[in-house]
Amino acid sequence: MEEYIGYLVLVVAIAALALVSVFLLFRPKTRRPPSVPAPPETPAAEAPGRPAATEEEEAAGTATTTVPPPPAEELVKPPAIEVPPPSAGRMVRLRSRLARSQNVIGRGLLELLSRDRLDDEVWDEIEETLITADVGVAPTRAMVENLRTKVKVLGTRTEEELRALLREELLAQVGPDLDRTLRTEPTGERPAVVLIVGVNGTGKTTTAGKLARALVGDGKKVLLGAADTFRAAAADQLQTWGERVGAAVVRGPEGADPASVAFDAVAKGIADKVDTVIVDTAGRLHTKVGLMDELGKIKRVIEKKAQVDEVLLVLDATTGQNGMRQAQVFAEVVDVTGIVLTKLDGTAKGGIVISVQRELGVPVKLVGLGEGPDDLAPFDPKLFVDAIVGD
Ligand SMILES: Nc1nc2c(ncn2[C@@H]2O[C@H](COP(=O)(O)OP(=O)(O)OP(=O)(O)O)[C@@H](O)[C@H]2O)c(=O)[nH]1
């Protein structure tokens, strides 16, 4: 009997053990703590730019692996297009910058004019101040002559009266009535063509880019032509300017014929129905003949497609008389229709506005007042003179 009970216990124990093993093997897994869902594994092809799978795609199970990856260039996220401010009112916005660089001339002149005795020595100092500010010899003489007569005849003595007199004389020299309109409107089916010329480093490429921005800000469709094929970086620079505001850029391989790039740019401008094509040139000043050949050819070739409406000569205000001489060579080679005076924020020699207009017989149409993308402004003579003499 005892032996029978022993067997029974053994059988029960084996059965219990078997039961426990079966339970452990097949026990329900519901009591595991819920796991945090891992981020879906995005295939490389689904990186930026690719739209998310639609519900239908997911239902059909076609959302991920069956779609071939798009070509590499589609993966690059296009840069956000900027909306630049319009060109009007820019000089007002940049007034303080202009005043900072220019009012030293005005303060000096007013201090001299306010002296108790206005003898020859003082008038010589006034003349010197104007010459130092790059006003030029002939305009300086004319101004001093007029000031001398008026102070004597009118007996002008108070600071306010002197300021008003100086303002009047400076304004007369700057030329408040010169036509400074920038011709950027298309003629019929043809876009306006603006050619940017000037010595390297004066800010030509920057001006082309800033002008494109300003025109886009005015609601125009603009195309940039990188005919400075001499320096690849200039085309890259222009491309960046264009991309920022959504303006197309036509460029050629490094060393390509600048005239052919200019031609292609204008042809594309016509095909795309843009308002304005801006062509940046290299304008290397090797020899006058070489320059004439290069710029003359660009202009002739463009004119097979459209007329050149503006030839803007870019001049660095900080280079003074040296820059003036270079400007003269350009003016002899090509019909300049307007001057862009850059870096006026970096010099007190604002008198160059007066001398350059007089020397070249062409109005200053735009001024550069800083390195910021919107620091190019239509030139306003009154605001300019106010910045010199102060309020
Ligand atoms: N402060 C200041 N800097 C300016 C102004 N305009 C241009 N610059 C700077 O001048 C430098 C030269 O400008 P670029 O546009 O490269 O000159 P560039 O004439 O095109 O030179 P190349 O392409 O070599 O012919 C850059 O550092 C510009 O930021 C301005 O109005 N004020």
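The values are calculated or read from the model by the stated rules, or taken from the named source; none is laboratory data. Predicted model only: the values in this text are computed from it and were never measured. In this analysis, Cβ positions are derived from the backbone assuming ideal geometry, glycine residues included, and neighbour counts consider all displayed protein chains. For accessibility, only protein heavy atoms count, side chains too; no ligands or nucleic acids. Shrake-Rupley method; radii C 1.70, N 1.55, O 1.52, S 1.80 Å.
Worth a mention:
- Relative compactness, the stretch 192-336, computed as alpha-carbon Rg over 2.2 N^0.38 Å: 0.96
- If you take all other residues with their beta carbon under 14 Å from the beta carbon of ILE352, and give Lys and Arg +1 and Asp and Glu -1, the sum is 0.
- Charge context of THR319, other residues only, Cβ under 11 angstrom, K/R +1, D/E -1: +1
- Nonpolar atom fraction for the stretch 192-336, defined as the carbon and sulfur part of the 1.4 Å probe accessible area, stands at 49 percent.
- Summary of packing: across the peptides 182-190, 341-349, 87-95, 245-253, the per-residue average of other C-beta atoms within 10 Å ranks them, highest first, as 341-349, 245-253, 87-95, 182-190.
- Listed peptides 316-328, 362-374 appear in the order 362-374, 316-328 once ranked by packing, highest mean of other Cβ atoms within 10 Å at the front.
- Counting only residues at least eight positions apart within a chain, or on another chain, the lysines with an alpha carbon under 17 Å from that of LYS221 are LYS210, LYS268, LYS273.
- Surrounding net charge for VAL153, when Lys and Arg each add one and Asp and Glu each subtract one, Cβ distance under 13 Å: +2
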